[in-house]
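Take a look at the structure set out below.
Every number here is computed from the coordinates shown, using simple stated rules; none is lab data. Being a predicted model, the structure only gives us computed values, none of them experimental. Here the Cβ is made from the backbone with ideal geometry for all residues, glycine too, and neighbour counts use every protein chain on show.
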Amino acid sequence: MQSELKPCPFCGGDAEYHSDKGPTGEVYAWVGCNQCDAMSVHCDVRSMQPEETHPIDAWNTRASDAEITRLTEALRAAEERERDAVMSAYCAGATDVHNSWIDGTNGGEPDFGEAASDYYSSIKGN
């Protein structure tokens, strides 16, 4: 187990080790940020199993720079795909509304805004 605490991974604030004795003798421990209130896992350090991670070690564990870069790039790519999908759906819907308004197949709605609202309601299933 490490003893020195790293700064908060979210805000850079100072961290503090906490422990609290439970009613039946268990000792719950965790690490918390004094600035943004982020917390590590809570566990009974008195009865920890070998495969469990002590709260200090969990707090001090950080993703590698390569992993952070990989995740950041994946998030940006997902955001771009979502933005493209929304824009494509918007354009397709706007084209459908415009065409039905121009050719008069929109149910006779004289107002383009109302025609767009009716179209949106129809695709939502309302």
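Just to confirm the filter: which GluC sites (Glu not before Pro) across segment 42-103 are DSSP coil and have at most 10 other Cβ within 10 angstrom of their Cβ?
Values: sites: E51, E52, E67, E73, E79, E80, E82; in loops: E51, E52.
Here the GluC sites (Glu not before Pro) that fit, given the DSSP loop and packing criteria, are E51.
Set the Förster radius R0 to 30 Å, insert the Cβ-Cβ distance between A85 and S117 as r into 1/(1 + (r/R0)^6), and round the FRET efficiency to 0.05.
Working: r = 22 Å, r/R0 = 0.73.
About 0.85, to the nearest 0.05.
Relative to the compact globular guide of 2.2 N^0.38 Å, what is the alpha carbon radius of gyration of segment 15-60, as a ratio?
1.14
For each cysteine in the chain, check whether another cysteine's C-beta sits under 4.7 Å from its C-beta; list those where none does.
C43, C91 - these cysteines have no disulfide-compatible partner (Cβ-Cβ under 4.7 Å) in the chain.
Would you calculate the separation in nanometres between label points at E16 and C36, each defined as 7 Å from the Cα along the Cα-to-beta-carbon direction?
1.9 nm
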